[in-house]
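The values are calculated or read from the model by the stated rules, or taken from the named source; none is laboratory data. All values reported here derive from a predicted model rather than from experimental measurement. No Cβ is skipped: glycine too gets one built from the backbone with ideal geometry, and neighbour counts run over all protein chains shown.
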Amino acid sequence: MNSKLITVIVPCYNIEKYIERCIESIEMQTYKNIEIIAVDDCSKYNTFEILKECKEKYSNLQIYQNNKNSGAAYSRNFAIQKSKGEYIGFVDSDDYITEDYYEKLMQKITDENADVAVADIEIVYENNKHPSILVKPCKDETKMSFINNGLAASPCNKLIKKELLVLYPFLEGKINEDVASILPVLVKANKIVYVEKIKYSY
């Protein structure tokens, strides 16, 4: 297995109910060369306290807290600056991933010398009130298929080469801040690959 370091970035805000499950799903990955950077955006409740408890258990977890509430884009950009990984993934703090998620993404990147790997998104409803919905990000593996769909701007179902994210930071203080970063990344990428049979749970 390729041993390149992956940085997983988790922006957090008032998410004390779900943050521990999120962090644990990253810690349980079969791909072990991972650092996690969680950035709390001045939560009003217990989010940062739970992150401090998680840090006591996991040596690869770094936690930070913004000086003021600044939004997810700022938190992500800050974490990218702190990151050491060659590839970067994003998990929102109320979401979680399957245990082989990053192993399968990195394996496909390595096998095909790709800049970006993309997975399916599973939409999960709280308390199982509705059945989960599996959403596929592309019809085929052409670059335009990845770009021309409703999931294109999401950073969370992707593993991305860091040097591309540095070129196109998240747009701070704006709605749909992902669009200004992820769409240019997909256009700039030399190769994008799709990985079946894993899923990001949203």
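Structural remarks
- Taking (1) crowded, with 19+ Cβ neighbours inside 10 Å; (2) farther than 21 Å from L183 by Cα; (3) at pLDDT below 75 in turn, F146 satisfies each apart from (2).
- Of the strands (runs of 3 or more DSSP E) lying entirely inside segment 1-78, those carrying at least 2 residues that are touching a strand residue (DSSP E or B) at 6+ places or on another chain (Cβ under 9 Å) and touching a residue at least 40 places away in the same chain (Cβ under 8 Å) are 6-12, 34-40.
- Of everything listed in (1) more than 14 Å from L159 (Cβ to Cβ); (2) of a type in the set (V, I, T); (3) touching a Pro at 6+ places or on another chain (Cβ under 6 Å), the single unmet condition for I123 is (3).
- Among the residues making up segment 153-170, a single one is exposed (fewer than 14 other Cβ atoms within 10 Å of the Cβ) and either of a type in the set (D, E, K, R) or assigned to a loop (DSSP other than H, G, I, E, B) (or both): E163.
- When segment 171-188 is filtered for residues that are over 13 Å from the mean Cα position of the chain (by Cα) and crowded, with 18+ Cβ neighbours inside 10 Å, the ones remaining, listed by number, are E177, S181, V185, L186.
- Taking the criterion of being under 13 Å from K55 (Cα atoms) and surrounded by fewer than 21 Cβ atoms within 10 Å (Cβ to Cβ), the residues of segment 27-43 that qualify are E27, E35.
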